[in-house]
Amino acid sequence: MTSHTPLTIPTIHCAHDSASELIARLREKLSPRGDVVSEAGRQRTMDTFGEALSPSAVVERICSDVRSRGLSAVLDYTARLDGAELTAETMRVSAEELEAAHAAAESAYLDTIRRVRQNILEFQRAALSSDRTVERTVGDARIELRQRYLPLRRIGICVPGGAAAYPSTVLMTAIPAQAAGVEEIAVVVPPTPFGGYNRDLLAACHEAGVTEVYRVGGAQAVAALAYGIEGLPRVDKIVGPGNLFVALAKRYVFGEVDIDSIAGPSEVVVLADETADAAFVASDLISQAEHSPGSGVLITWHEPLAAAVLEELERQLSLLPRGDLARQSLEDYGALIVARDAEEAARLTDDLAPEHLHISMTEPAAMLGRIRNAGAIFVGHYTPVALGDYVAGPSHVLPTGGTARFANGLAADDFLKRSSVISYNQAALAAVADDVRLLAGREGLTAHSASVDVRLKD
């Protein structure tokens with residue numbers, strides 16, 4: 001067992017400390033600004049490009065190169081950045097490989113995948129938007145207004161594969177798209193043992209009905225999806241999590257294609273009262289911190305709970321295989337905040353606008369009514385965030401870095417295009433013609449008025 005100095009997670013008592021500065025610093029750290037990179041990352045940039053570049057500049061260089069050179073650029077960057085020598089044929093996972101991975105998977109694993117897939121389908125279909133029609137009939141005047149929804153034709157999914165395998169991400173992105181009726185789904189995943197060569201991941205793709213899987217990651221994968229390359233046609237939308245370079249690449253190609261979000265590190269706020277179990281709270285904080293980077297913040301107005309959670313963090317971190325990584329994340333991105341009361345705790349939570357919010361209270365309904373900003377909300381002592389990560393049904397692709405103030409978690413609706421359909425007969429047109437003429441006249445757009453007049457001249 002590795003010995004450590006005591007956990008140095010920031011602790012704020014709002015009665016005599018300012019939480020606003022801490023929250024502002026956390027928000028800044030958790031947003032993908034693109035100006036922070038590890039020493040290893042800097043060295044890789046030097047080795048690849050021969051000069052020191054910011055992550056934003058690296059992404060711009062890669063994306064423009066892929067746009068101009070296509071497949072050759074993708075294979076070149078895959079070799080230089082990932083150390084994988086691929087060809088056009090080996091970049092795409094063959095149908096035989098997908099089938100073999102599925103056949104080799106344990107039956108218990110496939111049973112779990114099937115149950116989770118059904119949970120996601122049930123939730124996403126129930127929440128799916130449908131056509132809405134408004135009809136107005138007055139005498140001979142007939143007006144029909146309709147909101148029409150059609151699925152996107154083709155989407156791309158980014159699945160991480162650097163430090164761990166994420167079959168759950170395949171399910172949480174592909175199944176909502178399938179619920180919406182998307183016909184073509186292309187998955188890109190790094191050419192690593194946890195990515196494009198991971199049998200559990202490939203088996204999950206096969207079970208989910210995903211037939212296009214490509215061994216390519218990073219900014220070059222995003223660019224390939226956005227612009228299209230030989231053997232990988234362009235998509236209409238790119239979704240799914242990834243590292244800083246994936247996030248910045250999605251921002252770069254937005255406009256060529258749609259994207260779900262520009263995501264930062266995983267995060268959770270646990271909002272807890274005196275009934276919360278310190279061991280439960282600590283486990284939730286660690287569960288997101290172990291993503292490394294990942295953030296865990298406790299907000300409570302019960303001071304003894306904060307002290308008990310700190311003790312539990314020390315105990316649990318020492319027992320976990322990824323405890324060292326989670327410890328570093330909590331020290332860099334975590335906090336224990338003791339608010340003056342429940343009202344202040346709710347306000348601080350809304351200021352953070354977390355990706356995951358766990359309301360760990362016996363009677364959480366009142367607190368839930370005070371919270372506006374959160375990607376996914378987990379209610380009650382026995383609803384850990386891991387349920388949402390894996391089995392509940394809502395997607396675990398959620399807004400991070402404070403963007404839950406205005407952004408939503410991924411859902412089937414995000415794979416629909418919305419069009420308004422408007423139908424007037426001549427009598428209905430005549431009934432509103434004066435309103436059109438008046439507004440068109442005020443704006444000086446006389447052709448707009450004329451398009452009405454020509455239809456009513458008889």
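Remarks
- The numbered conditions (1) surrounded by fewer than 23 Cβ atoms within 10 Å (Cβ to Cβ); (2) touching a residue at least 40 places away in the same chain (Cβ under 8 Å); (3) touching a Pro at 6+ places or on another chain (Cβ under 9 Å) are all true for S266 except (1).
- Among the candidates A392, A353, A374, the residue that is among the hydrophobic types (A, V, I, L, M, F, W, C) and over 24 Å from L171 (Cβ atoms) is uniquely A353.
Residue by residue, here is whether (1) under 13 Å from V159 (Cα atoms); (2) touching a Cys at 6+ places or on another chain (Cβ under 9 Å); (3) among the charged types (D, E, K, R) holds:
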{"position": "G217", "(1), (2), (3)": "yes, yes, no"}
{"position": "Q220", "(1), (2), (3)": "no, yes, no"}
{"position": "A224", "(1), (2), (3)": "no, no, no"}
{"position": "I229", "(1), (2), (3)": "no, no, no"}
{"position": "P233", "(1), (2), (3)": "no, no, no"}
{"position": "K237", "(1), (2), (3)": "no, no, yes"}
{"position": "G240", "(1), (2), (3)": "yes, yes, no"}
{"position": "L244", "(1), (2), (3)": "no, no, no"}
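- All of E314, E290 fail the test of being within 28 Å of the chain's Cα centre (by Cα) and either modelled with pLDDT of 95 or more or not polar (S, T, N, Q) (or both), apart from E290.
- Being assigned to a loop (DSSP other than H, G, I, E, B), of a type in the set (G, A, S) and either surrounded by 19 or more Cβ atoms within 10 Å (Cβ to Cβ) or assigned by TED's automatic domain parsing to the domain that holds G380 (or both) holds for only one residue in S283, S261, and it is S261.
- Picking from residues in the stretch 126-180 that are among the polar types (S, T, N, Q) and surrounded by 14 or more Cβ atoms within 10 Å (Cβ to Cβ), the one that is nearest to F245 (Cα to Cα) is T169.
- Test result for Y382, touching a strand residue (DSSP E or B) at 6+ places or on another chain (Cβ under 7 Å) and farther than 20 Å from V239 by Cα: no
- 1 or more residues within 14 Å of L202 (Cβ to Cβ) and under 24 Å from the mean Cα position of the chain (by Cα): qualifying helices (runs of 4 or more DSSP H) within the stretch 76-127: 107-126
- G181 satisfies every condition listed in (1) at pLDDT 95 or above; (2) out of contact with any strand residue (DSSP E or B) (no Cβ under 6 Å at 6 or more places or on another chain); (3) on the phi > 0 side of the Ramachandran plot except (2).
- For the condition touching a residue at least 40 places away in the same chain (Cβ under 8 Å), outside the structural domain of Y166 (by TED's automatic domain parsing), out of contact with any His (no Cβ under 8 Å at 6 or more places or on another chain) and of a type in the set (A, V, I, L, M, F, W, C), I229 does not qualify.
- Lone qualifier among L439, L368 - being surrounded by 15 or more Cβ atoms within 10 Å (Cβ to Cβ) and aliphatic (A, V, I, L, M): L368
- Residue within the stretch 235-248 that is free of Cβ contacts under 8 Å to residues at least 40 places away in the same chain and surrounded by fewer than 24 Cβ atoms within 10 Å (Cβ to Cβ) present: no
The values are calculated or read from the model by the stated rules, or taken from the named source; none is laboratory data. Just so it is clear, the model here is predicted, and its values are computed rather than measured. Neighbour counts are summed over all protein chains in view; Cβ atoms, including those assigned to glycine, are modelled from backbone coordinates with ideal geometry.
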